[in-house]
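The values are calculated or read from the model by the stated rules, or taken from the named source; none is laboratory data. Please read all numbers here as calculations on a predicted model, not as lab measurements. Heads up, the Cβs are rebuilt from the backbone with ideal geometry, glycines too, and the neighbour counts pull from every protein chain shown.
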């Protein structure tokens with residue numbers, strides 16, 4: 001846009017060209033804001049998905065190897081119900 005202003009100072013430039021340059025600059029600035037907002041929304045969606053995933057994690061206070069799995073995939077688990085049997089490390 002500054003180039004157009006400088007050219008206009010030295011050479012006659014049509015008013016339409018100046019307006020077109022201004023509108024293009026505004027359009028690109030708004031596209032940049034739009035894409036930044038899209039990135040922010042995507043980051044928030046990732047954080048929400050991570051939170052949901054963490055809700056379904058099963059953790060044991062004891063380290064070791066899994067000795068037996070007592071529930072099958074898709075089977076409901078009640079609160080404090082045994083899901084796996086862990087053999088503690090020696």
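Key figures for this structure:
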| read-out | value |
| --- | --- |
| Flag for residue 19 being surrounded by 10 or more Cβ atoms within 10 Å (Cβ to Cβ) and either over 26 Å from the mean Cα position of the chain (by Cα) or modelled with pLDDT under 90 (or both) | yes |
| Search result, residues across region 51-90 that are without any contact (Cβ under 8 Å) to a residue 12 or more places away in the chain and surrounded by 10 or more Cβ atoms within 10 Å (Cβ to Cβ) | 77 |
